[in-house]
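Chemist: To start, I am sharing the structure in question, which I have written as structure tokens.
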Amino acid sequence: MKKLVTLAAAGTMLAFGGAAFAQTSVQATTELNVRAGPGSNYPVVGVLAAGQSATLQGCLKSGKWCSIAEAGGQGWVYSDYLAGDFGGETVVLSQRPANAEVAIVEAPDTGSAGAIVGGATGAIGGAIIGGPVGALVGGVGGAAIGGTAGEAAEPPDRVRTYVTSNRLDPVYLDGEVVVGARLPETVTVREIPDYDYRYVNVNGQEVLVEPGTNRIVYVMR
């Protein structure tokens, strides 16, 4: 699978609250979607490769969505899958110390524009359960190395053709679509003829899922 590492410009300015904060370098701990807004209902505008660095611009006061920037543009990512140096220790961003100097940013005022609007069909509540955070190496200056254990091999062309020809209504869940995360049991996955894995559309992306565990093994991009 070709990994996309360039961000498309999100097209909105960020509103920062409070005093100025030093911007922090963070790294993706797995292949991570970058979205146009702070939520799984916004479209994907780019992908950070596992271990790729970006500049943390700030995080929402409530919730786990944070704004990042890199050479190709800016966007929003889910902080469970970013790591950085906070207080001399490399930690997952969502588990940073309470006194970490991270700017508070406001969500862009886009109304319904830019967001994927889920119809009544196929849209349910719930949350994606966990996922890989990779191996956090070293203390100060340590790098986050993405964990992709359990990732399925590139699916054959016939599988991609079947999935794209039999698209499903998306299911919207809290969290982000990453390899290793598990879907709630309430999510119905569909069979693919003569193939080991099932598929479903989660947060606007088709994913391959291991039957029995509902664990995501591949994100189709």
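FYI, it's all coordinate maths here, none of it is from the lab. All values reported here derive from a predicted model rather than from experimental measurement. Because the Cβ atoms are built from the backbone with ideal geometry, glycine has one as well, and the counts that use them run over all protein chains shown.
Chemist: Sum up the charges of everything whose Cβ sits under 13 Å from the Cβ of residue 159, counting Lys and Arg as +1 and Asp and Glu as -1, but leave residue 159 out. Mind dumping the intermediate values first?
Modeler: Details: positive: 158, 160, 190, 198; negative: 154, 157, 191, 194, 196, 206.
That works out to -2.
Chemist: Still on this structure: Before anything else, pin down the relative contact order of the stretch 59-114: Cα pairs under 8 Å, at least 6 apart, normalised by residue count, whole percent.
Modeler: 31
Chemist: Tell me the net charge near residue 86. Cut-off is 13 Å between Cβ atoms, residue 86 excluded, with +1 for each Lys or Arg and -1 for each Asp or Glu.
Modeler: My count for the surroundings of residue 86 gives -2.
Chemist: Of the peptides 55-65, 173-183, how do they stack up when ordered by the mean number of other Cβ atoms within 10 Å, highest first?
Modeler: 173-183, 55-65
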